[in-house]
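Values quoted throughout were computed directly from the atomic coordinates according to the rules given, and no laboratory measurement underlies them. In this text, all values refer to a predicted model and were calculated from it rather than measured experimentally. Cβ sites come from the backbone with ideal geometry, for glycine too, and all protein chains shown count toward neighbours.
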Amino acid sequence: MARSDENPGKGCAAPAEAPQATIALGAPTFGEEELARVQKVLASGWVAGQGPAGAELEAAFRSRVAATHAIAVSNCTAALHLVLLALGVGPGDEVIVADYTFPATGHSVLFVGAEPVFVDVRPDIWTLDPSAVAAAITPRTRGIIAVDAFGQCADYDELTALATERGLFLIEDAAAAAGATYRGRAAGTFGIASCFSFHGRKGMTCGEGGMITTGDEALAAAVRSMSAFGMESAFARQGREQLTVPVFSRLGYNYKLSDIHAAVALAQLAKLDTLLERRRSVARMYQELLGGLQGVVLPLSEADRETTWQSYVLTIEPGLSRDGIALALRAAGVQANIGTYASHLQPIYGGKQRCPVSESLFHRHLAIPMHASLSDADVQRVAEQVRIAVQRQKEQA
Ligand SMILES: *Cc1c(COP(=O)(O)O)cnc(C)c1O
């Protein structure tokens, strides 16, 4: 007797596979906690910046990172801008910037009228190469901005020693590094100041947001004032006995983080370890499922530092088309993209430097889905599609 499923009725197509949803490259992981905290802020009436939720976020972030000061701001680009302003960087100055980064890093140097000097990165973990930094220092160099590439800390022992020896400041662009560590210390404690992002694509997010951490009291006061028009904060002024009229003693910006955003960031910070643990287990699964795949180099996490796995980035070997693999993945419902940018190649910067490692990574890196809401089945499907797409490229190469 024929089984009913062996003979589909007339007019029926062959049984189609259930349509599979596209697997996103990155996605925020939100729950009831974020809603509850936002509701509390809305009910309180203090929805603008520098309110109680912002103060609570700063205290929680400061203690998480073990930094002396934390100042919440509207985004990481604003954070970098404020730190450079506070350090008095301006026209005629050069700032060494890790080349392989989102161009917000270089932009912040242009904001203050200084010149970004892009320096190449390590070929294995893609952070600023300390030996290349030394070679780029000139009499006009004021400081260095290192980037924690995809949430993995740069070589801070070497960079700090070099900066100290040459009398330069060191800034940590920790945009994607909330929760990362280097030799037992948290990202956010290196250099004169560190700048974090809570943009929607980062591991800890409130949509748009940022944080500055620093151990320098004068710098902390300066960036706080300049984040709010160059005036004393409303939160600090409230509750005083007499009417205090703030004084505008310096030029400032409106770079405050709203308390609504701070509420979301507080909920995210409270579950940061859970989010990071899921990213780490996704990375371990990729390592197992893609290990040994010819034509692809898997990302390296150094033994002395814990990355946040902001992105999971494959390096496609020369001869295989990264773009071809990315397009095949997208066609199979798996989002894929470049890693990040070789800053020196961007027309805005004028193309004065050469950074061959960064340039090669810009052309060969392939980011595949990485976020805390991926299921094991998602990870398996991504890995399988990567194997298929790479195999096809090999056949065409
Ligand atoms: C995301 C990112 C930035 C910019 O952060 P925003 O909060 O969007 O301003 C800067 N630097 C790096 C390395 C980043 O990844």
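Tabulated data for the structure shown
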| quantity | calculated |
| --- | --- |
| ³J(HN,Hα) computed for each position of region 353-362 - Karplus, 6.51 cos²θ - 1.76 cosθ + 1.60, integer Hz, glycine/proline x | 9, 10, 9, x, 5, 4, 4, 5, 5, 4 |
| Prolate/oblate/rounded label for region 39-130 (Cα gyration tensor, a/c 1.5) | prolate |
| Average Cα contact separation per residue, region 175-276, under 8 Å, 6 or more apart, as relative contact order % | 25 |
| Derived scalar couplings ³J(HN,Hα) [region 201-206; Karplus, 6.51 cos²θ - 1.76 cosθ + 1.60; whole Hz; x for Gly, Pro] | 8, 8, x, 10, 9, 10 |
| Efficiency of FRET between L289 and E359 - r from beta-carbon atoms, R0 25 angstrom, step 0.05 | 0.25 |
| Amide hydrogen neighbours beyond the local backbone of V97, cut-off 5 Å, H modeled | V117, F118, V119, I145 |
| Estimated inter-spin distance, A59 and K352, nm [label 7 Å along Cα→Cβ] | 4.7 |
| Full-stretch length increase - D376, R166 - with 0.36 nm per residue and alpha-carbon distance subtracted | 70.7 nm |
| Simple spin-label estimate for E395 and F111 in nanometres, 7 Å along Cα-Cβ | 5.0 |
| CD proxy at 222 nm, helix term only [per DSSP H run n ≥ 4: -39500 (n - 2.57); per residue of the chain; nearest 500] | -11500 deg cm²/dmol |
| Selection from F102, C76, V117 lying farthest towards where the dipole of region 39-122 points positive, charges on Cβ | C76 |
| Three-way shape call for the chain based on the alpha-carbon gyration tensor, with the a/c threshold at 1.5 | oblate |
| In sequence order, calculated HN-Hα J values of region 301-312 (Karplus, 6.51, -1.76, 1.60; Hz; x Gly/Pro) | 10, 5, 5, 8, 8, 9, 7, 8, 6, 3, 9, 10 |
